[in-house]
Amino acid sequence: MAVPKRKTTKSKRNMRRAHDSLGSTQVQECSNCGEMKRAHHICTECGHYGEREVLETSDVL
């Protein structure tokens, strides 16, 4: 059975996890209403995706 010979130090453990953090979300301006929205997602303010209306304004969260 594989068992570590020595305890992994906090420094080595944290160096290994250095790239595991989440990156920032990408936001862009909506082409229809000008509000900031997540890239490649429906605008929560007006319900548009690109140039077409996907959701009616009353259906938007």
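Bear in mind that the values in this text are calculations on the coordinates, not laboratory data. No experiment lies behind these values; they were computed from the predicted model shown.
What value, in deg cm²/dmol to 500, does the helix sum -39500 (n - 2.57) over DSSP H runs of n ≥ 4 give at 222 nm once divided by the residues of the chain? Helix contribution divided over all residues of the chain: -3000 deg cm²/dmol. The stretch between SER11 and GLU53 holds 10.0 nm of extra length on full extension. This uses 0.36 nm per residue minus the Cα-Cα distance. By the rule of a C-alpha distance below 17 Å, with chain neighbours fewer than 8 residues away ignored, the aspartates and glutamates paired with LYS12 are ASP20.
Ignoring aspartates and glutamates fewer than eight residues from LYS37 along the same chain, the ones with Cα atoms less than 19 angstrom from its Cα are GLU29, GLU45, GLU51, GLU53, GLU56, ASP59. Projection of the Cα convex hull of the chain, averaged over all directions and equal to a quarter of that hull's surface, yields 8.1 nm².
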